[in-house]
Every structure is written in C-alpha cells, then in structure tokens.
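**Student:** Have a look at this one.
The values are calculated or read from the model by the stated rules, or taken from the named source; none is laboratory data. As the structure is a computational prediction, the values presented were derived from the model and not from experiment. Don't worry about glycine lacking a Cβ; one is built from the backbone with ideal geometry, like all the others, and counts go over all protein chains shown. Please note that ligands, DNA and RNA were not included when accessible areas were found on the heavy atoms of the full protein model with its side chains. Shrake-Rupley method; radii C 1.70, N 1.55, O 1.52, S 1.80 Å.
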2 protein chains.
Amino acid sequence: MTNMKNKFINLSPPRFLILVFLTLIILGSLLLMLPISTTESISFIDALFTATSAMTVTGLIVVDTGTAYSLFGQIVIMCLIQLGGLGIMTFAVLIYMALGRKIGIKERLLIKQALNQTSLGGIIRLVKKLLVFSLTVEFIAVVFLCTKWCPEMGFTDGLYASIFHSVSAFNNAGFSIWSDSLSGYVIDPVINIVITLLFIIGGVGFTVVFDLWKNKEFHQLSLHSKIMIVGTIAVNIFSFLIIFILEYNNPGTIGDFSTAGKLQAAYFQAVTPRTAGFNTVDIGQMEDASLFFMLILMFIGGGSASTAGGIKLTTALAIVLATIAFFKDRNHAVVYRRRLDYQLIIRALALTVGSVFVVSIAVFILDLSQNAPFLTVLFETISAFGTVGLSMGLTGSLTIIGKIVIIFTMLAGKLGPLTFAFAFAKQTPDIIKYPSEDILTG
Amino acid sequence: MTNMKNKFINLSPPRFLILVFLTLIILGSLLLMLPISTTESISFIDALFTATSAMTVTGLIVVDTGTAYSLFGQIVIMCLIQLGGLGIMTFAVLIYMALGRKIGIKERLLIKQALNQTSLGGIIRLVKKLLVFSLTVEFIAVVFLCTKWCPEMGFTDGLYASIFHSVSAFNNAGFSIWSDSLSGYVIDPVINIVITLLFIIGGVGFTVVFDLWKNKEFHQLSLHSKIMIVGTIAVNIFSFLIIFILEYNNPGTIGDFSTAGKLQAAYFQAVTPRTAGFNTVDIGQMEDASLFFMLILMFIGGGSASTAGGIKLTTALAIVLATIAFFKDRNHAVVYRRRLDYQLIIRALALTVGSVFVVSIAVFILDLSQNAPFLTVLFETISAFGTVGLSMGLTGSLTIIGKIVIIFTMLAGKLGPLTFAFAFAKQTPDIIKYPSEDILTG
Ligand SMILES: [K+]
Ligand SMILES: [K+]
C-alpha cells in the first residue's frame, strides 16, 4: 500500500498528467452514460467520444449536444471542457499540493516546463492568476452574451446559453448546444465579436496575456510574446482575405449575404480553424481551396500554454524562419534581433514530424475503414489532432473503428505536445561522442 | 558582345543550369511542334508540357506518346529524357569545358556540390565514368528487353521498344510508347525485373554505384552509400508489403491475378512511386490508403545525384533520424556510428519545407482551377513535383491553367533540389551576431 502510494507520487509529471486526464475522461463517460444525462440512452463509445472531445477541448461530436444530452449531460460536458481547457497541468499542480508535498525546486522546474513558462516566477501564484484570469474573462463574456440571448430566449435560457458558449469559446472547445453551431448568428456582430475575442484570447496563451499586462511597451515583451502577437494578427488577417475572396461567390457559404454579412462570416471562418472549432457556415459546402487552406491553419493551431491545440504558431514560425534563413545563407534564424538556436529548431522539427506521423497513421486507418472522400478524412483527422472540432460531416457517420481512431487522435493531439514539453526538460548528454559525417540531401 | 559573352560565362552555375535547361525545353517544344513530329497537329502548350515532362524526366502526359507523336517525335522525347536524366549538370560541365576554360579549383568545388559529390576526385573523370556507366547499363537492358519484345513484335519494332523503355526506365522518366504504360506486361517476370532494376539503379545515385564498385565491403562504404542501400531495400520491402496487403482483394488492380501475378504487380507498384512513374495497373483504381501511402513515397523520391526526383531518401531519413534522436533525448542523430550535424538537419528541413511550400501553392491553384477531387489533385501535384509521372487520370483533362501549374511544378521539382545543392556551397558567416532567446513550441 505504501509502495503503491509512493509509486503514484513518484510518477513523472507527464505520466501523472495522462493518468489524471484519462481518469477524468472515463469518469466523464460514465456520468454521460447515466439516464439523467441523456434524452435517450447512448452507447459507451459515444459517451467516451463525447467525454474525450470535451476534455481535449476538440468539439467533434457523434451525437448532437443540444438534443441527445439533457441539461445535466450538457453541464457534465461543460465541466469537462473547463477542466481540460484550463489545462490538466494546473490541476496536476494542485493535486501535488493536496498530497501534502510542498512544491520543491525540481517539481517547480518540471511544472514550469509543463506550463511552458520560460520566465522564472512562482508557479503557485501563476496557477492562481490563471484561474482568476480565465474566470474573469469568461464572466465578462457571459455579461455581453446575455445582452443578446436573454432578451431573445428569456433570462434562464439566455444565461445558460451564454455561460455554456462562453466556457466553450474561451477554452477553444467549439461545443455548442445548437445543432448548427453558431450558424444562427452568422451576421450578428455581437456574437461574432464576443465569441472570436474569447477564443483568440484563450488561444494566444496565458504567458502572452500576462506579459502584455506587465509590459505596456512592445519592445519590453519577451520574444515569444512578440512573435505570438504579430504572428496571430498577421495570420488572422491573411486568412480572412483568403476565405473572403475564395468564398465570395459561393452560395453554399457566404455568397448570398450582403457585403457586411460576407465580411463577418469570412472573418469567423478565418479565425475559427486555430483552434476554436465553432462554425457559422456549413464547412462541407466550402471550396476545396478554402478547405485545404484551413487544413494548414488547423495543423498549426494556436499558442503554447493556451487552450488551443495544433503544433502551435511558434513551432510553425520557427520552422519557416529556419528555412528562410537557410535560403538566405544565414547560419541562424534571426527574429526581432534574437537568434533562434539550432536546438530550438530541432525541437520544432521533431514536434512537427511527430505530428505528421500521428496524422498519417490515423488518415491511413480511416481511409481503410471509412467510406469517405480523402479530403473529408484528412480534414476530420487534422481537426481531431489539432483539437479544432470543425468537420466536413464525417463525424456523424464514423464506424466504431473510426470513432476509436478519432478518440486516439484527439488524445495524441492534446497530450502529445504537453508531454512533449517535458521531453526537453531533462537534456541528458550523449554518452558516446561519434564523429560527424555529411550525407547528400536534395 | 564581349560583355555579353563574359556575362554568359560568369553566370553562377545554378543560373547557367536553369538557362540550359529552359533552352533545351523550348527547343524540344519547337521540335515537337513540327509536322514531322506528330500524327496530327498539337497546341504549343501541349508540346511545351511534353518537352518539360521529358526533360524533367517526369512522365506525365497530356497527349498519348504512342499515338499522338510520330517515330521522329518519340525520338525527340527520348533524347530529351536522356539529356534531362543524365543531368543537365553533367552537360553544364561539358559546356564549360567546350567554352575553352580549363576547370579551375573554384568551379570544381561548385560542380562537386552540384553533383552532390562529397568525396573528392576528378570531376571530369567522374562525368566520363557517369556517361559510360549509364550507356552500358542501358545497353545491357536493351539486350534483355529484346529477348522478350523482338520475338513478339519483330526485330525493328522490338529493338525500338527496348531502346525507348530502357532509356525511359534508367532515367526514371516513366514515358512509354503504349497508352497503358506497361500494363500489358503486368505479370511478365522479365519486363518486371529488367524495368524495375533499371529505375532502381538509376534512382539510387551514381555516387552509390561507384562507391559499391570500388569498395566491396559494406563497412568501407561512405555513410551516404550505407544509408541509401539499406534505406532503399527497407523502403521497397515495406512498400511492397503495404501495397500487396491493401490491394490483395481489389478487382480494379491486382485482385483478379494469381498469387504470382499479385506479387509481381504489387512489387512493381511499390517501387515505381520513387520515382520511376511506369505503372502496370490502373492507378486511379487503387485504394485510397494505397494512394495516400504512394503520395508519401512520391514526395520522398530516390537518391541524390541520381535520375530520380523528390526530396530524396537521405533528406527524409535525416529528418526522421533527428526526430527520433530528439525523442530519445539525444543531442544528435547518430547512424552507423556517425553523427549528423545540426547544419545537415537544417539543410534537410529547409529543402522539405521549401518543397511543401511549392506543392501547397500548386495544389491551391489547381483546387481553384480544376474540377477534380482533392486526392486526385494532390496526387497529380506531388507526382509532378517528385518528377514521378504517375497519375490518377487528371493530366489528360487539365485546363490551360492546370497545364501551366504542372509545368512549373515539374520544373521546380527538378531544378529546385539541384540549385538547392549549390545553396550550401557558399556558406557566408552572419555579419551581426545576435544573442539567442528561447521561444515556446508545442
Ligand atoms: K476546439
Ligand atoms: K518519372
């Protein structure tokens, strides 16, 4: 017994995280299986799929959240979203503390890595800040959403819709209590602004928000914050232009709207792939070129230490900057007068290659087991891996094998990069030094 | 005039290469436009497409080689294949020599890089060896092919078919004088063995063949040769197993053959994507999972300094090894007791990211301009970029814009990696040393 307890306490943080994560998913699934959770009984695999999708803040759904689940079931989902989105990492810290162990230097370091914090500082203070910040932002959003939804559907229903969508949006979960996601509000400015602000703030990463709070001047910010802020704005503007132009005349999406409507709908679809997952138009109706572009956005995802998924914007930028530097005959990638070390580039490369590998295996199995066009399969897989939640419509018709593959893909997409963050915490030196030799490439 | 001549001579090797390459393509196009070349007149864009496809040894065709072109036209195509396949690089050396300039140390170095030769040695001797070797292999193959085709179609026709397919296969061009490529010989062991041996030898790279010739023992070989030999065998066996299993019951491809037939057909389709381009079954009828797997093989391609295309097997392996090393907490990728330097990994990364970029742009434009499923478009684009020549059937129905995009993609696929080889020849040091700063990834 003592042995078991020791074993439990001495689990490495990534294993501990995975254990907590999986435990909460199983618990969530069991809760969703209760008769009180659903309007009619659902299979275990569907409950497991929903719990995984909520806990990994993905938002892919095999049964309709609004009709298949009761209010109780929906609240279970919302709780899973909040737990998953705020980062099981944070909770791992709290549980470590609850177990009576004062946080030591070594644990601090590990958790610092887990939270992807680079500047030193009290972890406990950070966790508190993080909770206060999240709940504050969600509360403010609820107030704004209520101004729209309470008059429309009565106070109780309006308040509930506001709370659910605020939590879902801030945590980049993409769950909605409505079958057509937010399509009913495609040209509603309040909903468009509040929801997108929520998932952009949630998805940029806490460290960036805190950095901005402390340092008002751009040049005082950390390199990470600078890249994230400029990168997010640039990518969002570029994406908006692409979607707006490509879908301008598509009657299946934004073609029939007024210019103001087109602008809003294009903006929403441009910012949602990284990795909010709400949609205001039918994704399956979009142009192939738009969908291909969105594939790339979904794979990239949001910011580190955020509620977003994907390989992260900084990872993608590190790789692109290294490539540009190489073609410009520079020995190092340089950005904002700072050099990006080889080690950083290799880390970004490894994460990307690992991600491509997981996505490829999943696509391969789905191609074999599902009867769907390649783009639909690829879109679904990258959406699951990036914990985005957008779908061209495959989720509803997945076979059992398909559901299992997507469940694993969501888990790998959420836990992979987090546990990956630990990998470079303990840099062991090579024991044997081999001489280097060049090989031909290209 | 003297100025112009100087300018011409002083062109950097990559620019000189591109100039020669484009000149030969234009010349080839004009020759193919002659009435003597075709059975009925073809448009300039189709002639340009054919010449580019031949010169880049891709093998994608907009008009049927066997019926649209006369014997003269086919011989023009064969000459373009031989010129392109042996590498315009070699010819650039010869032209430098013909211009009366003795090859100096600096040029030697540049050409050494161009040919991707890492071990020092006389370039001129190498070029001669390369020509003798290529012609010898092609000649031996012609003899073998004749034993099959001369009895079948008469001496002249049989000899011609043997020469055309020998040149096309050794140069990894994938052109055939028959509309269904080599489908007529899907279960013919002689054709299967001779043709695949030709393109595997042509595609592994001259340096590897010469290394093998000089050093009989495996441990004496260069790291590059070791990786290429073991890698080629491993990838081919793995690919064979995948294709064999996936297509086993597919009546559209190998499902209706006997086991011996299935084995041969699966083997051929497994080795052709890197980057021979011949096919013995209908590619469009293959399973999505097989096609997805072939996409990856086509993107990887063959060996450096070979007649093959793609990012090259060593590039892909360098990236994979770096990723594995990272996940194993090693500071460096190690293979056969040799360390792969960061610079090498970054070079491989840059080439891969550049390739993904080119393919993405092409897919994006084709998605917008062609009315075809995403997988068909993606397959066609990667086939063009890897200069493979396999098609799910899109090539024949490309619009003018589509043809132009594929022409540029083939050029980028062939000239990109070659000119890229020069990029790391002149490593200029960074002028300003910036301090490094970490950013968060993953
Ligand atoms: K999501
Ligand atoms: K080819």
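**Student:** Going by the conditions given, is B:THR280 crowded, with 22+ Cβ neighbours inside 10 Å, of a type in the set (Ser, Thr, Tyr), at pLDDT below 95 and assigned to a loop (DSSP other than H, G, I, E, B)? Explain how you work it out, then say what you get.
**Tutor:** Numbers: crowded, with 22+ Cβ neighbours inside 10 Å: yes; of a type in the set (Ser, Thr, Tyr): yes; at pLDDT below 95: yes; assigned to a loop (DSSP other than H, G, I, E, B): yes.
Here the answer is yes, as B:THR280 does meet what is asked.
**Student:** If you don't mind, there's one more thing I want to ask. Take the residues in segment B:384-442 that are outside any loop (DSSP other than H, G, I, E, B) and within 20 Å of A:HIS332 (Cβ to Cβ), then tell me which one is modelled with the lowest pLDDT.
**Tutor:** Applying the filter and picking the extreme gives B:ALA423.
**Student:** Within segment A:321-357, track down each residue that is in contact (Cβ under 8 Å) with a residue 40 or more places away in the chain, buried (at least 18 other Cβ atoms within 10 Å of the Cβ) and more than 7 Å from chain B (Cβ to nearest Cβ).
**Tutor:** Hits for segment A:321-357 are A:VAL335, A:THR352, A:SER355.
**Student:** For segment B:377-388, how many residues are away from ligand 2 (no atom under 16 Å from the Cβ) and either of a type in the set (Phe, Trp, Tyr) or touching a residue at least 40 places away in the same chain (Cβ under 8 Å) (or both)?
**Tutor:** 1
**Student:** If you don't mind, another one. Could you check B:PHE240 against (1) within 17 Å of B:GLY303 (Cβ to Cβ); (2) touching a residue at least 24 places away in the same chain (Cβ under 8 Å) and say which number it fails?
**Tutor:** Every listed condition holds for B:PHE240 apart from (1).
**Student:** Can you tell me which of (1) open to solvent by less than 20 Å² (accessible area, probe 1.4 Å); (2) more than 16 Å from ligand 1 (Cβ to nearest atom); (3) at pLDDT 50 or above is the one A:ILE105 doesn't meet?
**Tutor:** Evaluating A:ILE105 over (1) open to solvent by less than 20 Å² (accessible area, probe 1.4 Å); (2) more than 16 Å from ligand 1 (Cβ to nearest atom); (3) at pLDDT 50 or above leaves (1) as the failure.
**Student:** Now a separate question. Counting only residues that are open to solvent by 10 Å² or more (accessible area, probe 1.4 Å), more than 16 Å from ligand 2 (Cβ to nearest atom) and within 14 Å of chain B (Cβ to nearest Cβ), give me the helices (runs of 4 or more DSSP H) lying completely in segment A:150-262 with at least 2 of them.
**Tutor:** By residue number, A:206-214, A:223-247.
**Student:** If a residue has to be open to solvent by less than 30 Å² (accessible area, probe 1.4 Å), over 20 Å from the mean Cα position of the chain (by Cα) and either modelled with pLDDT of 95 or more or at the interface with chain A (Cβ under 7 Å from one of its Cβ atoms) (or both) to count, how many in segment B:358-371 make the cut? Reasoning before the result, please.
**Tutor:** Here is the first cut: in segment B:358-371, the ones open to solvent by less than 30 Å² (accessible area, probe 1.4 Å) are B:359-360, B:362-363, B:366-367, B:370.
Checking the rest, the ones that are also over 20 Å from the mean Cα position of the chain (by Cα) come to B:366-367, B:370.
Okay, now just the ones that are also either modelled with pLDDT of 95 or more or at the interface with chain A (Cβ under 7 Å from one of its Cβ atoms) (or both), so B:366-367.
Of the residues in segment B:358-371, 2 are open to solvent by less than 30 Å² (accessible area, probe 1.4 Å), over 20 Å from the mean Cα position of the chain (by Cα) and either modelled with pLDDT of 95 or more or at the interface with chain A (Cβ under 7 Å from one of its Cβ atoms) (or both).
**Student:** Restricting to segment A:372-400, count the residues that are open to solvent by 50 Å² or more (accessible area, probe 1.4 Å) and either touching a Phe, Trp or Tyr at 6+ places or on another chain (Cβ under 6 Å) or more than 13 Å from chain B (Cβ to nearest Cβ) (or both).
**Tutor:** 5
**Student:** Being out of contact with any Pro (no Cβ under 9 Å at 6 or more places or on another chain) and crowded, with 24+ Cβ neighbours inside 10 Å: is that true of A:ALA289 here? Full working, then the answer.
**Tutor:** Values: out of contact with any Pro (no Cβ under 9 Å at 6 or more places or on another chain): yes; crowded, with 24+ Cβ neighbours inside 10 Å: no.
Here the answer is no, as A:ALA289 does not meet what is asked.
**Student:** Identify all residues within segment B:296-306 that are open to solvent by 10 Å² or more (accessible area, probe 1.4 Å) and either in contact with a Phe, Trp or Tyr (Cβ under 9 Å, 6 or more places away or on another chain) or within 10 Å of another protein chain (Cβ to nearest Cβ) (or both); write none if there are none.
**Tutor:** B:ILE296, B:PHE299, B:ALA305, B:SER306
**Student:** So, in segment A:290-315, exactly how many residues are without any contact (Cβ under 8 Å) to a residue 24 or more places away in the chain and either part of a loop (DSSP other than H, G, I, E, B) or among the small types (Gly, Ala, Ser) (or both)?
**Tutor:** Going through segment A:290-315 one residue at a time, the tally reaches 0.
**Student:** Only residues that are under 20 Å from B:GLY354 (Cα atoms) and surrounded by 24 or more Cβ atoms within 10 Å (Cβ to Cβ): list them for segment B:307-318, please. Spell out how you get there, then give the answer.
**Tutor:** Pass one, segment B:307-318, residues under 20 Å from B:GLY354 (Cα atoms): B:308-318.
B:ALA308, B:GLY309, B:GLY310, B:ILE311, B:LYS312, B:LEU313, B:THR314, B:THR315, B:ALA318 - these are the residues of segment B:307-318 that are under 20 Å from B:GLY354 (Cα atoms) and surrounded by 24 or more Cβ atoms within 10 Å (Cβ to Cβ).
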